[in-house]
Amino acid sequence: MRGDDQQAGHLFSYLSPEQRVPADHPLRAIRQMTDLALETLSPRFDALYAAIGRPSIPPEQLLRALLVQVLYSVRSERLLMEQFRWFVGLAMDDPIWVPTTFTKNRDRLLSGDVATAFFTAVLDQARAARLLSDEHFTVDGTLMQAWASQKSFQPRDGDTAEPPDDPGNASVDFRGQRRSNATHASTTDPDAKLYRKGNGQPAILGYIGHVLMDNRHGLAVDACVTPATGTAERDAALGMLAALPARDVTVGADKLFDQAPFVDTARGLRVTPHVAQKRRGTAIDARTTRHQGYAVSQRKRKLVEQIFGWMKTVGGVRQVRHRGGGTVDWIFRFTAAAYNLMRMRRLLMTPA
């Protein structure tokens with residue numbers, strides 16, 4: 001049964017949580033936008049919970065807790081609820097949730113498309129505040145390390161050369177072994193793929209997170225996670241561009257996207273590809289690069305690195321803390337929404 005997100009303030013305290021938080025605290029603006037987004041998700045929450053039974057932790061409080069966990073890089077749920085009672089929605093006298101109860105109720109939200117709905121609700125506020133252009137975009141991807149060790153990357157047929165010397169933490173020597181995603185898979189996270197970002201870089205088990213950014217203020221307008229493959233960034237980019245409601249738009253991208261299949265398909269979607277040119281064999285020419293808008297796209301596209309940098313260092317997705325492609329996609333999209341809230345707070349506070 002869905003719990004009620006009633007915030008009665010204080011019962012036995014002289015000061016309520018509302019009075020303890022300074023009026024100019026950065027979380028106040030974010031809390032206001034978050035509550036507005038959560039109001040639109042109320043019907044979706046009703047469908048996730050049974051109509052009768054014991055009331056659970058309110059989903060609104062769970063999402064606020066997850067949000068502040070991302071914003072402040074908090075790894076402990078117990079520490080999270082003790083220090084951020086006001087933002088989560090707990091009164092000073094309310095007991096802290098048992099960590100296992102928090103985890104079980106959180107998993108209910110992770111199994112649904114709540115992150116997509118929350119991301120969309122936040123984006124609707126940005127659009128209402130005229131922070132989006134809906135004309136010029138940037139696309140890019142980043143590699144994220146999976147919650148799986150190299151030792152878990154075992155042959156798919158289960159054939160091992162010899163029994164491990166320590167079943168709990170076996171010594172593994174990969175020298176001379178030919179390992180690939182076709183013959184091996186992780187035993188702890190089968191959706192993670194072995195991937196090398198570039199020459200001279202180590203191969204790691206990971207996922208690729210993708211972001212489509214609006215160029216006006218650097219807000220993420222779409223985000224997703226795919227298995228780490230050589231064509232994942234281009235395939236995901238085309239999927240996000242195809243989902244755009246507007247046409248005759250531009251998209252900036254780095255040299256990885258300067259390939260004829262991507263350029264031709266993007267043009268077929270009525271999207272002008274402003275990709276960075278490779279020295280040899282470029283797929284675009286002066287018909288694209290001679291326009292002033294191309295130079296603007298090349299300058300604006302670097303803002304997407306700020307999104308990835310924040311999501312990895314603050315949001316904690318440099319190495320994801322969950323397993324399974326669906327769950328990782330949920331967390332990545334929710335973290336992108338958190339970035340938008342943080343960015344929107346700064347933009348709305350800046351005088352026009």
Return the percentage of antiparallel bridges among DSSP beta bridges fully within the chain, rounded to the nearest 5 %.
75
Which cross-chain or sequence-distant (5 or more) residues have an amide H under 5 Å from the amide H of residue 193, H modelled 1.01 Å from N in plane?
206, 228
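Which peptide among 266-274, 42-50 comes first, and what is the full order, when sorted by highest mean count of other Cβ atoms within 10 Å?
Numbers: 266-274: 19.0, 42-50: 13.0.
Top to bottom by mean Cβ count within 10 Å: 266-274, 42-50.
By counting other Cβ atoms within 10 Å of each Cβ, how are 285, 35, 189, 258 ranked from fewest to most? Each step should come with its number before you reach the end.
Working: 285 9, 35 13, 189 24, 258 18.
Ranked by crowding around the Cβ, least crowded first: 285, 35, 258, 189.
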Measuring from a point 7 Å past the Cα of residue 321 along Cα-to-C-beta, which residues in region 59-75 have an amide N at less than 12 Å?
66-75
Among 294, 72, 207, what is the fewest-to-most ranking by other Cβ atoms within 10 Å?
72, 294, 207
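Give me 100, 183 ranked fewest to most by other Cβ atoms within 10 Å of their Cβ, as a rough exposure proxy. Intermediate values should be presented prior to the final figure.
Numbers: 100 9, 183 12.
Exposure proxy ranking, most exposed first: 100, 183.
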In whole angstrom, the spacing between the Cα centers of region 274-322 and region 31-56 equals 37
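Counting only other residues whose beta carbon sits under 9 Å from that of residue 215, what net charge do I get with K and R as +1, D and E as -1?
+1
Using Cα pairs closer than 8 Å and at least 6 residues apart in sequence, work out the relative contact order for region 17-112, in percent. Could the numbers behind the result be given before it?
Values: 50 pairs, mean separation 31.1, N = 96.
Reported relative contact order: 32 percent.
Compute the Cα gyration tensor for region 17-112, then decide on rounded, prolate or oblate, letting a ≥ b ≥ c be the square roots of its eigenvalues: rounded whenever a/c is under 1.5, prolate when a/b is larger than b/c in the other cases, and oblate in all that remain. Present the calculation step by step, with values, prior to reporting the outcome.
Numbers: a/c = 1.73, a/b = 1.37, b/c = 1.26.
Prolate.
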Per-residue [θ]222 nm for the chain (sum of -39500 (n - 2.57) over DSSP H runs n ≥ 4, rounded to 500):
-12000 deg cm²/dmol
Gyration tensor (alpha-carbon) shape descriptor, the chain, a/c threshold 1.5
oblate
Taking amide H atoms as placed 1.01 Å from N in the peptide plane, list the residues 5 or more away in sequence, or in a different chain, whose amide H sits under 5 Å from that of residue 223.
212
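No lab work stands behind these numbers, since they all come straight from the coordinates. Since this is a predicted model, take the numbers as computed values, not measurements. Note that each Cβ is placed from the backbone with ideal geometry, even for glycine, and that neighbours are counted across all protein chains shown.
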